[in-house]
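The values are calculated or read from the model by the stated rules, or taken from the named source; none is laboratory data. Bear in mind that the values here come from a model prediction, so they are computed numbers and not experimental data. Here the Cβ is made from the backbone with ideal geometry for all residues, glycine too, and neighbour counts use every protein chain on show. Remember, those area values only see protein heavy atoms, side chains included, never the ligands or the DNA or RNA. Shrake-Rupley method; radii C 1.70, N 1.55, O 1.52, S 1.80 Å.
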Amino acid sequence: MDYFIELFLSGLTRSSIYALIALGYTMVYGIIGLINFAHGEIYMIGAFTALIVSTVLAIYGFPFFAIVALTVLAAIIWSSAYGYTVEKIAYKPLRNAPRLSPLISAIGMSIFLQNYVLLAQTSDFLPFPALIPEFQFMEPYAHIIGSSDLVILLTTITVMVLLTLLIKYTKTGQAMRATSQDKKMAMLVGINVDKIIGITFIIGSALAAIGGVLIASHIGQINFYIGFIAGIKAFTAAVLGGIGSIPGAFLGSLILGLTESFATGYVSSDYEDVFAFSLLVLILIFRPAGLLGKSSIEKV
Amino acid sequence: MLLELLAVNTFYGNIQVLYDLNLTVKRGEIITLIGSNGAGKSTSLMSISGIVPARSGKILFDGKEIQNMAPEKIVSLGISQVPEGRHIFPDLTIQENLNMGAFLRKDKQAIQKDMEYMYSLFPILKERADLPGGNLSGGEQQMLAICRALMARPKLLLLDEPSMGLAPIIVKKIFEIVKKINKDHNTTIFLVEQNANLALKIAHRGYVLENGRIALQGSAKNLLVDENVRKAYMGV
């Protein structure tokens, strides 16, 4: 039973990270119908920013909590700036182009950002400082949950609640939903659609940055390629739940994370991806729009 | 003069839709633009709202040139549009739809008051305030669309085919409300309609659009008895 709970909790940790990234994919898709393939790179850039900032601050002898707070803040700001800029440079000029063009542009941006970090940093794995404070749980919990698992889980839950409140109750959130449902009408009621799209990219990037810092600190090393792999997994989670749907991104991440964790624990870690993607294929066969996605029906 | 279009030419890509359109709307009047399918009626409204900007010519609102302004700027000056097909935000609740109409306003209390007023015009909307807009019937959606536009407290209300696809009794009700809004709030109304008979009955003046050009204009009374208008648009 302990083993089950342990797997369950480590699955939740994975799910949390996937969810933080998947939200960016799903929100951007919801608002401009684009799969932002460069999103994984934004997450990677968040982790690198955190590495650089935390190292510099440590050299100057800042206290631990100041380092953590400033590092997270810097990663969020830096990633958001990248996300916002990528949208302005690579997607906005293609707003009225055929759907394939921005997609190619997104893949190009992804490759560009990977290589930029590769050249600016290194291709080796770099050690990442433990930014999540270590504390020991008492037995009988100590061997099933670690402090970083708990911090990741709590952070993700907090972020999700805040995001849900933002989207449901604030004027900006309502405008985001209105824009994703009917762009022309959004303009006609006076919503600045470009601004709303920009805000969506900023929020998605900020969430990815938080995910990047958390996972880098949890695993302890990063390189330029982490964004690609995490990005593909989070994208899978978003599609699984129904791309464009925010609750879908939560649910898809949860299912994907738990499946991987149990497959690793009970079968073999070699089969982790096999189970995850088989699940995706199965769900797409029976529910092509994803679990909570809507197959669009036009009412005349 | 509240709105003036001076030699407006509008294109979709390479295809010209409006040719040297000249049109004026006086403060407080109901004016109607009638014409057949594809004449350019909706495009005229989209050019005024800045969604499909005019390629040449001038659009003056309250004496200000607005032809190069962004759509949200035009809304903030006091022009609201109810587009053809209503365009309710389907997954936003009715209340949220109304809220979006007041997107550029900051006066929370007055917004609340206006919302109550809309609910008094159409009590059915109040009953369903928390339901998604997409659940409403066509007629209810049209009412909601008009209310949403009014939430911006526009000086000029652009109405595109409010009668489309609706039962005659609902159309009658909607036109009564349009008249009431014009009278009670002195809101100027620019009504685009295929149903020429209906439109000319509530309007003060009318324009007839043919292939992107103004073919005829005059007081609604005269147009209503005009031989050509009756033949072409009323099937008499």
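Brief remarks on what is shown
- Matching residues, the stretch A:1-39, being open to solvent by 20 Å² or more (accessible area, probe 1.4 Å), within 19 Å of A:MET176 (Cα to Cα) and among the hydrophobic types (A, V, I, L, M, F, W, C): A:ILE32, A:ILE35
- Residues of the stretch B:57-110 classified as on the phi > 0 side of the Ramachandran plot, surrounded by 21 or more Cβ atoms within 10 Å (Cβ to Cβ) and at pLDDT 95 or above, total: 1
- Within the stretch A:190-209, if we keep just the residues that are open to solvent by less than 30 Å² (accessible area, probe 1.4 Å) and among the aliphatic types (A, V, I, L, M), the residue that is farthest from the other protein chains (Cβ to nearest Cβ) turns out to be A:ALA209.
- Residue check for B:MET164: part of a helix (DSSP H, G or I) and either surrounded by fewer than 18 Cβ atoms within 10 Å (Cβ to Cβ) or more than 14 Å from every other protein chain (Cβ to nearest Cβ) (or both): no
- Here A:GLU260 fulfils each of the conditions (1) over 30 Å from A:LEU119 (Cα atoms); (2) in contact with a Phe, Trp or Tyr (Cβ under 6 Å, 6 or more places away or on another chain); (3) surrounded by 23 or more Cβ atoms within 10 Å (Cβ to Cβ) apart from (2).
- Checking the stretch A:166-189 against the condition returns a match, with at least one residue being modelled with pLDDT of 90 or more, more than 14 Å from chain B (Cβ to nearest Cβ) and surrounded by fewer than 18 Cβ atoms within 10 Å (Cβ to Cβ).
- Extreme residue, modelled with the lowest pLDDT, among residues of the stretch B:167-210 that are in a strand (DSSP E or B) and within 18 Å of B:SER80 (Cβ to Cβ): B:GLU193
- Filter result for B:LYS113 (open to solvent by 30 Å² or more (accessible area, probe 1.4 Å), among the basic types (Lys, Arg), within 19 Å of the chain's Cα centre (by Cα) and away from chain A (no Cβ under 14 Å)): no
- Search result, residues across the stretch A:78-104 that are within 17 Å of A:THR200 (Cβ to Cβ) and either surrounded by fewer than 20 Cβ atoms within 10 Å (Cβ to Cβ) or among the small types (Gly, Ala, Ser) (or both): A:SER79, A:SER80, A:ALA81, A:GLY83, A:TYR84, A:THR85, A:LYS88, A:ILE89, A:ALA90, A:LYS92, A:LEU94, A:ARG95
- Checked against (1) away from chain A (no Cβ under 14 Å); (2) under 27 Å from B:ILE31 (Cα atoms); (3) open to solvent by 20 Å² or more (accessible area, probe 1.4 Å), B:GLN141 meets all criteria but (1).
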